[in-house]
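Notes for the one structure printed next.
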Amino acid sequence: AKSSQRGSIRFYSHDLTEKALERLELRNSIQSGIRNKQFCVFFQPKINLKTNALEGAEALVRWHHPTRGLVFPDAFIPVAEELGLINEIDMLVLDEVCRCVKVWQSHLAPGSRFAVNLSAMQFTREDLVSTIEGIVQKHQCGTKFLEFEITEGVLMVHCERLTNKIKALKELGFTFALDDFGTGYSSLSYLSRYPIDVLKIDRSFVMDMLESQSSQVLVKTIVAMAQNLAMKVVAEGVEEPAQAALLKQYDVDIAQGYLFSRPISIEAFASMYCLPVPP
Ligand code: C2E
Ligand code: CA
Ligand code: CA
Ligand code: CA
């Protein structure tokens, strides 16, 4: 029994070493990826369901890995968060978005917003607001076209510093969208406590909507609540025309999903919407 126990311990520690090595390798490759500009931004358009016009886009990060090819965020965002590298990635995405918006702003419909995902970790940094201000100033781009997406998890920990950061960024001209809405913790109290501008209905509800009565009720309830709180609603994960039609019937303002476009490169996005390609 003793030897098998020892054996299992040895196996366990071997496993740990391998995991630790893997993480070390990933840390090094993410860091060198940042240095070598391997991370890039894809845009997924947001479409006004009433006018079919472009209402901006969500910026989604991609990693052009030298050997693994195009890597999607689910494969590296959680690790980047664990290793404290997400701050740099998010700011690099914001930098790219500002560079584009600077070139596109004179062509955009008023009210359009280009959204950047902000990891919960961002709100633990003291230099968050000054860093963002620096990036916006560097590009001289209009913040009225910029938005941040945060998840309910960020708002769960109520503290004055969080409120102050959100307020400071709103004063700079940013709006805030609550991402994956409806999947997190009971969120109603956060909605009145924080100055949120947009609710993004999670794609799980949109996906179930055509078959599930309860998802329909949920979507309708979110819309009614948003209207009462003077918030906009974005539905994500719209894949079928029937879903778009139902959302429009429910008075949802904006939709995003494969029905309109997958996330695409900056160049492809510019060409799709007749926008100049940023230099
Ligand atoms: P998210 O913020 O909820 O982003 C939406 C995800 O849904 C994207 O996956 C998008 O490609 C996908 N999607 C859009 N339309 C459809 C659709 O019609 N059907 C289906 N099945 N999926 C659709 P992606 O790009 O792989 O990103 C995954 C997650 O990674 C994002 O979820 C977000 O949480 C995170 N992420 C992406 N970029 C960044 C970033 O720059 N910073 C941070 N902190 N997180 C990011
Ligand atoms: Ca998002
Ligand atoms: Ca989302
Ligand atoms: Ca998500």
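The values are calculated or read from the model by the stated rules, or taken from the named source; none is laboratory data. From a predicted model like this one, the values you see are computed outputs, not experimental measurements. Here the Cβ positions follow ideal geometry from the backbone for every residue, glycine too, while neighbour counts run over all protein chains shown. Heads up: the accessible areas ignore ligands, DNA and RNA and are worked out on the full protein's heavy atoms, side chains in. Shrake-Rupley method; radii C 1.70, N 1.55, O 1.52, S 1.80 Å.
Odds and ends about this structure:
- A Cβ-based charge dipole, computed about the Cα centre of the chain with Lys and Arg at +1 and Asp and Glu at -1, lands at about 420 debye.
- Over region 220-279, Cα pairs under 8 Å with separation of 6+ residues give a relative contact order of 29 percent.
- The chain: calculated mean residue ellipticity at 222 nm from DSSP helix runs of at least 4, using -39500 (n - 2.57): -15000 deg cm²/dmol
- When the solvent-accessible area of region 91-205 is split by element, carbon and sulfur atoms take up 52 percent of it, the probe being 1.4 Å.
- With all protein chains kept in place, the per residue accessible area of region 120-230 amounts to 48 square angstrom at a probe of 1.4 angstrom.
- Rg/Rh for the chain (Cα atoms only, Rh after Kirkwood) is 1.02.
- Convex hull volume of the C-alpha atoms in region 96-145, normalised per residue: 75 Å³.
- The charge dipole of region 206-279, taken about the Cα centre with unit charges on the Cβ atoms of Lys, Arg (+1) and Asp, Glu (-1), comes to about 180 debye, rounded to the nearest 20.
- Rg followed by Dmax, in Å, when region 43-112 is reduced to its Cα trace: 15.1, 44
- Ordering GLY182, VAL154, SER204 by Cα displacement along the dipole of the chain toward the positive end leaves VAL154 in first place; charges were set at the Cβ atoms of Lys, Arg (+1) and Asp, Glu (-1).
- Alpha-carbon geometry of region 202-265: the Rg and the Dmax are 11.5, 36 Å, given in that order.
- When you restrict to C-alpha pairs under 8 Å that are six or more residues apart and normalise by the size of the chain, the relative contact order lands at 18 percent.
- For region 11-160, the dipole from Cβ point charges (+1 on Lys and Arg, -1 on Asp and Glu) about the Cα centre works out to 700 debye, to the nearest 20.
- Average Cα contact separation per residue, region 13-150, under 8 Å, 6 or more apart, as relative contact order %: 22 percent
- The length gained by stretching the chain between MET156 and ASP74 to full extension, at 0.36 nm per residue less their Cα-Cα distance, is 27.3 nm.
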